[in-house]
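*Asks:* This structure is in structure tokens; I'll ask about it shortly.
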Amino acid sequence: MSLQVVSAVSNPALLQPGFSLLNFHGDVFFFGQKGWPKRSCPTGVFLLDIKQNELKLKPAFFSKDSCYLPPLRYPALCTLRGNAEHDEYQYIIHGGKTPNNDLSDKLYVMSLVSKNSKKTTFQCIEKDLGGDVPEARYGHTINIVHSRGKSISVVFGGRSYIPLAQRTTEKWNSVVDCLPSVFLIDFEFGCCTSYILPELQDGFAFHVSLARNDTVYILGGHSLQNNMRLPSLYKLKVDLPLGSPAVTCTILPGGISVSSAIVTQTSDAEFVLVGGYQSDNQKRLVCNTIVLEDNKIEIVKRANPNWTPDIKHCRMWFGCDMGKGSVLLGIPGANKQFISDANYFYILRCKGAEKDKEEELTAQICSQTSTEDPGDSTPFEDSEEFCFSAEVNGFDVDDTDTYNEDDEEDESETGYWITCSASCNIDINTWVPFYSTELNKPAMILCSSRAGHWVHAQCMDLSESMLLRLSESNVKYFCNEHVDLNKGLQTPKKVVHLKKQPMKPLRRKSTMKLTTPVKKSFLRRLFE
């Protein structure tokens, strides 16, 4: 095992605790930034490009038929292979926490559409679920099991907010462990089924789960109810006959007291367990090798890497599996120095020196400021809100495809994040898409008042059908504040006046002969 560190030349402030890494054919992609995506990368998915000991973030794109995917932290991820004969696979993303601290109960399927040297395109589809749908949660796990030629996913654990009926002002955002129910999700039909097993008495989160064939092994975890990390090891076996599925649970000896650990796969049946915590204020610096065989699991200690003094003395760390036996680890920098604080990122390689050079992965040093002393912070699973008030600096990146936050316009005062009216409630930090046509910015429409200004369609209470109608038709729109003014300044319609033909003057002298006597007064009125 080797531990390396390299400098980062792209925006490191995006990598915060709770992120996820996706490995598609050896290329590692970052997902789950803290904060909403900006215009330079509306998808919130980045390629981790590592060249010449430098790490760069390159934006990835979604296809036109993709759904909206918010940046989720602490979701449950697993891979799903479509065909054993082909190397194509997809990532399953379930749950997680949004930048607004809302919890998601949705399930997404992400697959790689195309990739070249300049652009990477993904397809993201939201799967409709029915039945016993798992409640919104984070810190849980999802695995794929195979039985009798069929596949199904297993969801377990995690945390969620307390029910609304039990919330108070002091405990409004308090979280609790989810009930220890096992959920089976059928991807073909989206049907969910929950199972309550007597062996699982208490709920817990931030555990480790490994799947092989029809079996899922659940190791460790942290329980909020008793604030303990029990050395538990459970074996879930799933049978998929023609009728209803059957789930059984067995308690195995030889568990490990750990939470928030990271597992990376080094071979078909071998995994490496790295990191985590064995108590609230003590990291677990011991590494283990886990071997999965048919109906058997073996956990043994292995040689530890040469941890740096910074890693040994820090009280919190975080990271994620990069695939192919590599793990990305991060620790917060010390804020007691005169220099700006930093997050130090290391990449731990567990395969050994026989790896190919193409698979060599390095780590990064990230610079950012912090208003919180890491020494007083809480462990990973209890510090998901461990945040840095970062002031991002520029980057000397020649590659135009690399993400650079300095290229972003100041959207807090101009652009889409303006205060369009007195009743405007659009905030860049709390905004979520309202219309189906929105992705990473709110829909706006031009008010045709004297000076002309842009307003948010949501603030004007426009329905989606009306918004589409106004965008397609060539008509002027006036916002709620100028609609009355518009009525008073309307140009009157042009009225076409009819020309009156002059009447021919009547001749005073008449040549007609009166056969009957006529009074002079009558004749006078006739010719006047």
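The values are calculated or read from the model by the stated rules, or taken from the named source; none is laboratory data. Here the structure is a predicted model, which means the values were calculated and not measured. Every residue, glycine among them, receives a Cβ derived from its backbone with ideal geometry; neighbour counts consider all protein chains shown. Only protein heavy atoms, including side chains, enter the accessible area calculation; ligands, DNA and RNA are left aside. Shrake-Rupley method; radii C 1.70, N 1.55, O 1.52, S 1.80 Å.
*Asks:* I'd like the full set of residues that are in a strand (DSSP E or B) and in contact with a Lys or Arg (Cβ under 9 Å, 6 or more places away or on another chain), limited to region 29-57.
*Replies:* Phe46, Leu47, Leu48, Asp49, Ile50
*Asks:* Against the definition (on the phi < 0 side of the Ramachandran plot, assigned by the TED database to the domain that holds Ser259, open to solvent by 20 Å² or more (accessible area, probe 1.4 Å) and within 34 Å of the chain's Cα centre (by Cα)), how does Val300 come out, yes or no?
*Replies:* no
*Asks:* Going by the conditions given, is His207 in contact with a helix residue (DSSP H, G or I) (Cβ under 7 Å, 6 or more places away or on another chain), crowded, with 17+ Cβ neighbours inside 10 Å and either within 30 Å of Val28 (Cβ to Cβ) or touching a residue at least 60 places away in the same chain (Cβ under 8 Å) (or both)? Quick ask: steps written out before the conclusion?
*Replies:* Values: in contact with a helix residue (DSSP H, G or I) (Cβ under 7 Å, 6 or more places away or on another chain): no; crowded, with 17+ Cβ neighbours inside 10 Å: yes; either within 30 Å of Val28 (Cβ to Cβ) or touching a residue at least 60 places away in the same chain (Cβ under 8 Å) (or both): yes.
It is false that His207 is in contact with a helix residue (DSSP H, G or I) (Cβ under 7 Å, 6 or more places away or on another chain), crowded, with 17+ Cβ neighbours inside 10 Å and either within 30 Å of Val28 (Cβ to Cβ) or touching a residue at least 60 places away in the same chain (Cβ under 8 Å) (or both).
*Asks:* State whether the residues of region 91-101 include one that is part of a loop (DSSP other than H, G, I, E, B), under 24 Å from Phe189 (Cα atoms), in the same structural domain as Ala211 (by the TED database) and open to solvent by 30 Å² or more (accessible area, probe 1.4 Å).
*Replies:* Scanning region 91-101, I find no residue that is part of a loop (DSSP other than H, G, I, E, B), under 24 Å from Phe189 (Cα atoms), in the same structural domain as Ala211 (by the TED database) and open to solvent by 30 Å² or more (accessible area, probe 1.4 Å), so the answer is no.
*Asks:* Right, here's the next one. Quick one: how many residues across region 125-181 are at positive phi and surrounded by 17 or more Cβ atoms within 10 Å (Cβ to Cβ)?
*Replies:* Residues that pass the stated criteria total 3.
*Asks:* Output the residues belonging to region 121-147 that are outside any loop (DSSP other than H, G, I, E, B) and among the β-branched types (Val, Ile, Thr). Break it down stepwise before answering.
*Replies:* So the first thing to find is which residues in region 121-147 are outside any loop (DSSP other than H, G, I, E, B), and the list is 121-127, 130-131, 138, 141-147.
Hits for region 121-147 are Thr121, Ile125, Thr141, Ile142, Ile144, Val145.
Here's the yes/no breakdown for (1) in contact with a strand residue (DSSP E or B) (Cβ under 8 Å, 6 or more places away or on another chain); (2) of a type in the set (Asp, Glu); (3) at pLDDT 90 or above:
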residue	(1), (2), (3)
Ser66	yes, no, yes
Pro70	no, no, yes
Tyr74	yes, no, yes
Met110	yes, no, yes
Ser117	no, no, no
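*Asks:* If I filter region 249-289 down to residues being closer than 15 Å to Arg302 by Cα and over 31 Å from the mean Cα position of the chain (by Cα), which single residue comes out as surrounded by the most Cβ atoms within 10 Å (Cβ to Cβ)?
*Replies:* Filtering region 249-289 for residues that are closer than 15 Å to Arg302 by Cα and over 31 Å from the mean Cα position of the chain (by Cα), the one surrounded by the most Cβ atoms within 10 Å (Cβ to Cβ) comes out as Ile256.
*Asks:* Could you give me the residue pairs with C-beta distances under 7 Å whose first residue belongs to region 129-142 and is over 9 Å from Ala76 (Cα atoms) and in contact (Cβ under 8 Å) with a residue 60 or more places away in the chain, whose second residue is open to solvent by less than 10 Å² (accessible area, probe 1.4 Å) and aliphatic (A, V, I, L, M) wherever it lies, and which are 6+ apart or on separate chains?
*Replies:* Pairs that qualify, where the first residue is over 9 Å from Ala76 (Cα atoms) and in contact (Cβ under 8 Å) with a residue 60 or more places away in the chain and the partner is open to solvent by less than 10 Å² (accessible area, probe 1.4 Å) and aliphatic (A, V, I, L, M), are Leu129/Leu107; Leu129/Ile185; Pro134/Val155.
*Asks:* Can I ask one more? In this structure, is Met316 under 27 Å from Phe30 (Cα atoms) and part of a strand (DSSP E or B)?
*Replies:* No, not satisfied.
*Asks:* Any residue in region 177-184 that is part of a loop (DSSP other than H, G, I, E, B) and among the small types (Gly, Ala, Ser)?
*Replies:* Scanning region 177-184 turns up no residue that is part of a loop (DSSP other than H, G, I, E, B) and among the small types (Gly, Ala, Ser).
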